[in-house]
1. Can you give the relative contact order of segment 285-371 as a percent, counting alpha carbon pairs under 8 Å and 6+ residues apart?
2. Relative to the longest principal axis of the C-alpha atoms of the chain, give the angle of the C-alpha long axis of helix 2-18, reported between 0 and 90° and rounded to the nearest 10°.
3. Using alpha carbons only, how many angstrom separate the centre of segment 173-235 from the centre of segment 246-293?
4. Ordered by packing density, taken as the mean number of other Cβ atoms within 10 Å over each peptide's residues, highest first, how do 381-392, 108-119 rank?
5. Output the pairs from K35/K104; K35/K107; K35/K359; K107/K359; K359/K451 with a Cα-Cα distance over 32 Å in this structure; if there are none, say none.
6. Could you look at segment 346-446 and say what percent of its accessible area is carbon and sulfur, using a 1.4 Å probe and all protein chains?
7. Once you list every other residue whose beta carbon is under 10 Å from the beta carbon of W38, what net charge do they have if Lys and Arg are +1 and Asp and Glu are -1?
8. Please give every one of the aspartates and glutamates within straight-line cross-link reach of K464, meaning a C-alpha to C-alpha distance under 12 Å, and leave out same-chain neighbours fewer than 8 residues apart.
Amino acid sequence: MFSNKILFLSAVCLLSLSCGGFLGAESSRMVLGGKAGWPELSRMQGVVKAEGRFGWESVMLATNARSTDSATDILLNFEDDDFTDAAGNYTVSQNNMLTSPNAKMGKSSALSRGNGGIRLTGKPGSLFGTSGVTGSFLIEFWLNPSIAENGEIVLSWRSSRTVGNYPLYQMISASFERNHLQWNFTNVFNGYTENGGNVSLQSYRTIIPKVWSHHVVSYDDTTGLLEYSIDGSLEALRYVTTNGHESGGSIYTPQLGVPADLDLCPQFTGFIDDFRIQRLPAANDNLNAGYDTYRSEGGRFETQPILISQGARINRIDALITEPDETAVVLYVRSGDNFYDWDLNPPEWQIVSNHEALKDIHGMYFQLAAELFPDGRGSRSPSVTEIVIDYTEVPQPLPPFSIYAQAGDGEVTLTWSFSVDNTVGGYYVYYGDRPGEYLGREAAQGESPLKVGNTTSVTLTGLKNGKIYYFAVAAYSSIEDKIMGELSREVNARPQKSKNNVR
C-alpha cells in the first residue's frame, strides 16, 4: 500500500513537470510569420517585409534609402510608379522609365531603356528652376548600367544666360566615355573661360556593367572645390579658382541662366536609384551612410501585445532565422496582465535565446521584439521568417455541478458540490437582484463577487426580506485566483421571516 502511494506521487510530479511546472497546465504553440505573414507587427523601424525562406514573407533590414531634409533640392527614390519628387520641388513632365524590383535602396529602382528617360521641371526656388548663383550643391545617385556604352547620357541640363548682352550656352552633363563616367560643366562658372568655359571631371575607375556603384559630384562655394567620387573614393577634383588652388585665388561661382528642364537618363540603358540633389557640399552631408547597403545601427520590429490567458507562461521561443556571416538577430519578450498601462508603466524587455527554455515569463499578454544587425560592411542582412511561441496555458477550472439556495430572515445560505476539477483553489460567489446581472452590494460579506475560499457553503446576511436575489458560483485556479472558470447554473431565493421558503 505504501509503495503504491509512492508510485502515485511520482506520477503526479512527472505530470506536473511535463506541464510547465504546475498540474493541469496545457502546452500550446502560437505561430507568428511563416505562411500567414506578419499581421501582428505594430512597429517596424529600419526593417521591411520581403520574400524569405520557402517563399514566405520575412522581416529583414531596410536598405539605406535616402530621406529628405531642409537641404534637399530633389529626391527620386523610385518607390512609386509616378516617380514623385519626395522634396516636392520638381514635377515630372515626361517619363519613359519603368519601376524595377532590382533596387539598391528601398524596394524598387528605375529602369531606363535609352528612350528618353525622365524629364523634370523645377519650381521657383529649386536649383534648376531658378536663375542666379547656385551656392554649394551635390548631385548623387546609384547606377547600374547594362553596357556603359560610349555616348550614353545619364544626366543632361541645357540652358543659356546673358553675359555682356550676348547669350552664352550652358550645359551640365554626365555621360560615358570608354567605360568611364565624365561630368562636364560648360559656361556654368561665372568668369571661367579656359577650355571654352568647360570644367570636366572623369572617373578614374572603369564603370563595370551590371554592378551598382554610388556616384557623387559636389561643389563647395567656400573653397571652389569641385570633386567627383564613386563608392566613397575620390575619383577627380578641380579647384574652380583663378589659380586652380584652394587658397590664394578668387573663386569662380556657378551661376545658372534661364530655368530649364533636367533630363535624367535620356540616353542610358540600365538602372538608377535614389537620385538626390542637396544644396550643400559633400563635406557637410552624411554621405558615408550611403555607401553601405544597410545602416550599421540595424533595425527593430515589435509585435502587438498578444492575448493568451491569465497565468500563461512562455516555455520557449523557436524562431526561424537566417544569419549570414557577421550578422545578428537579438530576440526580446515582455509580459504582463494588463497592457493598457504599458505606455506609462511598461514591463521590462527581456533578452531571450532562440530554442532555449525560459523561466518566470508569465502573464495574460505577451509582446515580442527583434533587433536585426548587418555585417560590418553593411552589405548583408539577417532575416526572421517565423517565430513560434511555445507556452503553457492554465485551463479554466470547471464550475460546481450542483448549487442550492435556502432563504432565511435577511439572509440566504448557498451550498454547492465540490468541482470535479482537481485544479480548483477556491470559489467566487456572485449575486444580484436581476437574472444574469450579479452586481449585488447589500450583503454584509461584501460586494459581488465574494471570494469564499475552498468551501462548499456560505451564508450571505444583510439582505432585504421580500426581495428576490440571484446567485451563481465560479471556481478559481489553485495557480492564480484571477484565473476563473465559467459560472455555475443560476439559482434564486427571496429572504423572509418565514423559514419555509426553500428552493
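The values are calculated or read from the model by the stated rules, or taken from the named source; none is laboratory data. The structure displayed is predicted, hence computed values, not measured ones. With ideal geometry, Cβ positions are generated from the backbone for all residues, glycine too; neighbour counts draw on all protein chains shown. Protein only, heavy atoms only, side chains kept; ligands, DNA and RNA dropped before computing areas. Shrake-Rupley method; radii C 1.70, N 1.55, O 1.52, S 1.80 Å.
1. 46 percent
2. Tilt relative to the chain: about 30 degrees.
3. Taking the Cα centre of segment 246-293 as reference, the centre of segment 173-235 is 9 Å away.
4. 381-392, 108-119
5. From the list (K35/K104; K35/K107; K35/K359; K107/K359; K359/K451), the Cα-Cα distance tops 32 Å for K107/K359.
6. Details: 2330 of 4740 Å².
Carbon and sulfur: 49 percent of the exposed surface of segment 346-446.
7. In short, -2.
8. D409, E411, D433, E442
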